[in-house]
1. Could you run through region 29-48 and say how many residues are open to solvent by 40 Å² or more (accessible area, probe 1.4 Å) and assigned to a helix (DSSP H, G or I)?
2. Looking at VAL88, VAL19, can you tell me which residue is surrounded by 11 or more Cβ atoms within 10 Å (Cβ to Cβ), touching a residue at least 40 places away in the same chain (Cβ under 8 Å), in a helix (DSSP H, G or I) and on the phi < 0 side of the Ramachandran plot?
3. Give the residues of region 62-74 that are modelled with pLDDT under 80 and not in a loop (DSSP other than H, G, I, E, B), sorted by residue number.
Amino acid sequence: MPPTLFRNLIMKAAFFLAVAAIFGWLYGWASPRMFPRETSAGFGFGMLHGALMPMALPSLVLGQEVEIYAANNSGRTYKLGYIVGINVCGLIFFGSAFWRPRK
């Protein structure tokens with residue numbers, strides 16, 4: 001393997017680990033604040049929880065018990081919001097990864 005390829009792989013791995021650590025820390029901070037216990041979560045909380053769900057992966061891999069879904073929810077509207085949140089998060093993440101500015 002050429003030294004530049006090896007260096008690029010190391011840099012990408014380090015960047016990935018740093019982003020995963022930041023996302024895990026952010027989710028650990030946001031999780032207790034974004035999952036209300038006393039109210040029934042509706043469409044808005046569903047969108048928020050769906051958008052935050054991919055950020056829970058590093059925390060779950062490291063063995064932390066974090067919530068990804070509100071047990072006390074309004075039913076169909078919460079689930080629709082959850083799906084919208086996941087899709088919007090994916091659109092932003094993957095859209096920005098594949099976006100190329102025009103020359």
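1. The number of residues fulfilling the criteria is 9.
2. After ruling out the rest, the residue left standing is VAL88.
3. Across region 62-74, there are no qualifying residues.
The values are calculated or read from the model by the stated rules, or taken from the named source; none is laboratory data. If you're wondering where the values come from, they're calculated on a predicted model, not measured in any experiment. Positions of Cβ are backbone-derived with ideal geometry, glycine not excepted, and every protein chain shown enters the neighbour counts. Keep in mind that these areas ignore ligands, DNA and RNA; they rest on the heavy atoms of the full protein, side chains included. Shrake-Rupley method; radii C 1.70, N 1.55, O 1.52, S 1.80 Å.
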